[in-house]
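All remarks here apply to the structure that follows.
The values are calculated or read from the model by the stated rules, or taken from the named source; none is laboratory data. Note that the structure is predicted; figures quoted are calculated from it, not measured. Cβ sites come from the backbone with ideal geometry, for glycine too, and all protein chains shown count toward neighbours. Only protein heavy atoms, including side chains, enter the accessible area calculation; ligands, DNA and RNA are left aside. Shrake-Rupley method; radii C 1.70, N 1.55, O 1.52, S 1.80 Å.
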Amino acid sequence: MPGLHLARKLISSASLSKPVFPRNPGARMKTHGPDIYALFNKKFSSFAIFDGKNDSNILPYQCSSKYHAREQDKKFILGLMKWLVDHKIDTDLTDLHSLKEIREGERFNLICKIVHVCEVEKDKWMLLVWDGMDTPPVTIKTKLEEEMENPLPLQPVAFTLERDILCTLPPLGTVLWVAVDRCNEKLGFNFLKSNRWVKLINIRCELHAALWRAVLMPFTKVCYLSDEDDIVLQRMRQYDERRKSKLGWMPSSSFPWPSDITETDYPNVPFVSLMRALANPKVIGKFHCVVRVVAAFPWLAEHFRSPSGVYRIRLTLEDPTARIHAYLYKEDAEKFFDGYPSVYTLTKKRNLLLGTSEGDDDSEMNDHFRNPPWIRCCLKSYHIDDNDVWGSRNFRIFATTLKA
């Protein structure tokens, strides 16, 4: 029905700024999949559809056979027309940003796809949005020794996605967590659906434990976009081109090539993202990745080996798609550090890997912010409990040497 299609279009673009409440007892708002509909029962109800222009013409261009105009409706309809003009969401494509351009504390407008909606706490919801781009790398401002008592989190919120949801997320480009709370009820949050492209107007970006996330402000506006919108098609074309390119699986900020401080035994194996490794359909797998090492535990080089002389280190790795723990253990660590160098040499290697200053005094070194380099490494995944293979899945670095 043309009228129903138009009503759905108007609701999609306007109701997210202000709820719509049908007054007719036989009419109601419903959702079907990602779409929103206004329904009426023709036995008891009537409807009329008006042009949204703010003028004196209040003649409907479509109506049901039982509709009869009333004088008291005129003021109400004119009021709705004025509201639409006052609350129009600008669909101009100027002043739009991608995730690669976000800055801490700044407000920005973003065209993105909602890939998941989840309730992380009671009445606290998060949108997971994506536009195919990588967020920029962040300076790590925590001290190395804090990793024991206050380790860097793997996600910007204390919430773990179930594996079946994780496997639906795009393997390339950052998935940004966006906070929604009660102050955003006016956005019509219940209407926000996964797998829909939207324009988010006036959201604020912030950092949490060196991870990007965003917040919907009380004045944030949301507008649904068609999958056929020009900029949506452009973003998808860019993503498809990147996905098909071997170098496209590298973080964009690592171009033209990662640091040469590491080398792997499989230089010709294509790179994959950490998200691709996490979503691998099999527990056991091997992956060639470009990552940053943002934390190490233990952090002191003299503690890298057990009293019996065995290497056992937990590293925190990240790329634009995910942050994970990966272990350096036994012979894999021996290869990584090129044997058993002195504590002084191990400390120098650690500093280079974690992007710390070159000072020999640890306390002085940790007063500096860290900017870890992008490195190449090989990862292998495995499980340690046959009764819980996915829950006990871990990653180890192997076939990689730190050349410093």
| task | Quick one: Debye curve from the alpha-carbon atoms of the range 207-321 only, equal weights, vacuum; give me log10 I(q)/I(0) at q = 0.12, 0.14, 0.16, 0.19 Å⁻¹ to two decimals. | result | -0.70, -0.89, -1.07, -1.27
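Taking the Cβ-Cβ separation of Tyr266 and Lys30 as r and a Förster radius of 45 Å, what is the calculated FRET efficiency to the nearest 0.05?
Numbers: r = 54 Å, r/R0 = 1.19.
Computed FRET efficiency for Tyr266 and Lys30: 0.25.
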| Which sequence of Asp51, Asp260, Asp386 reflects their accessible areas, 1.4 Å probe, from the largest down? | Asp386, Asp260, Asp51
| Length gain on complete extension for the stretch Ile231 to Lys244, per 0.36 nm per residue less the alpha carbon to alpha carbon distance? | 2.7 nm
| Any idea of Phe108's accessible area? Nearest 10 Å², probe 1.4 Å. | 10
| GluC sites (Glu not before Pro) restricted to the range 194-251 and DSSP loop, no more than 13 other C-beta within 10 Å | Glu228
| Fraction of the pair-distance distribution of the range 287-329 above 12 Å, Cα-Cα pairs, percent | 61
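Any chance you could tell me what percent of the C-alpha pair distances in the range 248-404 go past 21 Å?
Values: 5463 of 12246 pairs.
The proportion of pairs with Cα distances above 21 Å equals 45 percent.
Find, among the trypsin sites (Lys or Arg not before Pro) in the range 226-261, those assigned to loop by DSSP (not H, G, I, E, B) with at most 10 other beta-carbon atoms within 10 angstrom.
Numbers: sites: Arg235, Arg237, Arg242, Arg243, Lys244, Lys246; in loops: Lys246.
Taking the range 226-261 and a limit of 10 other Cβ atoms within 10 Å, the loop trypsin sites (Lys or Arg not before Pro) found are Lys246.
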| Inter-probe distance in nm under a simple model that places probes 7 Å from Cα toward Cβ, at Lys348 and Gln62 | 7.6
| For the pair Val310 and Thr139, how long in nm is the line joining their label points, each one 7 Å along Cα→Cβ? | 4.1
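Heavy atoms only, probe 1.4 angstrom, no DNA, RNA or ligands counted: give me Arg393, Arg107 ranked by accessible area, highest first. Numbers along the way, then the final one.
On the way: Arg393 35, Arg107 145 Å².
Listed by decreasing accessible area, they come as Arg107, Arg393.
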